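Okay, structure first, notes after.
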Amino acid sequence: MRMATPRVVDYKVTMASLDLGEPPWSVAVVDNHEAARLGVMAYLLTRPDQFGPCAGFEGLEALSAATWTPRLIVLDLYLGRDDQPTIDAIPGLREAGSAVILFTSEERPVPLRRAVAVGVSGLVLKNDGMMPLYQALVAAAKSEFTCSSIVAEALLTDPTLVAAITPRETQVLTGLDQGLSHQQVARRLGVQESTVRSHLKSVREKYMTLGRNVTNTLSLIREADEEGWLDHKA
């Protein structure tokens, strides 16, 4: 486990502050891994003056069936259902009055930035440990956005980690990643094959600007996948 120093980050997202009141704050831990759920709850229950009640949920359906609304939610980005991220659920959780802390093993910048953009109140990488999670929860209760470490902050803010790939370029790369030919991708998107090649040229130039070694289409797909751009369920 790496040593982590939590950092309060002025990350520019549009969201209203949540009034969570005074402690103790109720906490829901949503993670499909039982050991992770129990570990977080056990840690938080050692601080009854700040957190309680605490409850664990295997997924969002179980959380929605609960008869209470937690003030804080510790949420894993993936809950095991076809490896789909929970990003779409975050705005609704905030609207219900809960601050959401992302507690995840994901270290690809694109899905993390998407989650922050829709309203999470903090990012904690699981490798950074429990103390940063505790500090992120306390910060979220004060409407402060916290990253668990310099690494977590860089995943959200470092412009050299992510190429500015457009949605159409992502569709082209996703199709090629699925084994389609240039012609088949063009047919799927309703464009000319030359347009597909133009999109690939644009992506290659973006990665070359970042100093990436992209010599062919496979290397473009690899770079995009490592950043989290590709939709494997498309």
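Residues in segment 121-144 that are of a type in the set (Gly, Ala, Ser) and part of a helix (DSSP H, G or I) were compared, and the one that is surrounded by the most Cβ atoms within 10 Å (Cβ to Cβ) is 136.
Within segment 158-195, work out how many residues are assigned to a helix (DSSP H, G or I) and in contact with a Pro (Cβ under 9 Å, 6 or more places away or on another chain).
Step one: of segment 158-195, the residues assigned to a helix (DSSP H, G or I) are 159-161, 167-177, 182-189, 193-195.
If we keep only those that are in contact with a Pro (Cβ under 9 Å, 6 or more places away or on another chain) too, we end up with 161.
The qualifying residues number 1.
Residues in segment 72-86: is at least one farther than 30 Å from residue 110 by Cα and among the hydroxyl-bearing types (Ser, Thr, Tyr)? Break it down stepwise before answering.
Narrowing segment 72-86 to residues farther than 30 Å from residue 110 by Cα: none.
Scanning segment 72-86 turns up no residue that is farther than 30 Å from residue 110 by Cα and among the hydroxyl-bearing types (Ser, Thr, Tyr).
The residue that is farthest from the chain's Cα centre (by Cα), counting only those in segment 90-118 that are within 23 Å of residue 52 (Cα to Cα) and part of a helix (DSSP H, G or I), is 95. Taking segment 192-213 as the search range and keeping residues that are at pLDDT 90 or above and hydrophobic (A, V, I, L, M, F, W, C), which one is surrounded by the fewest Cβ atoms within 10 Å (Cβ to Cβ)? The extreme case among them is 208. Here 136, 152 are screened, and the one residue that is over 30 Å from residue 201 (Cβ atoms) and either without any contact (Cβ under 8 Å) to a residue 12 or more places away in the chain or out of contact with any helix residue (DSSP H, G or I) (no Cβ under 9 Å at 6 or more places or on another chain) (or both) is 136.
The values are calculated or read from the model by the stated rules, or taken from the named source; none is laboratory data. The shown structure was predicted, so the numbers you read here are calculated from the model rather than taken from an experiment. Don't worry about glycine lacking a Cβ; one is built from the backbone with ideal geometry, like all the others, and counts go over all protein chains shown.
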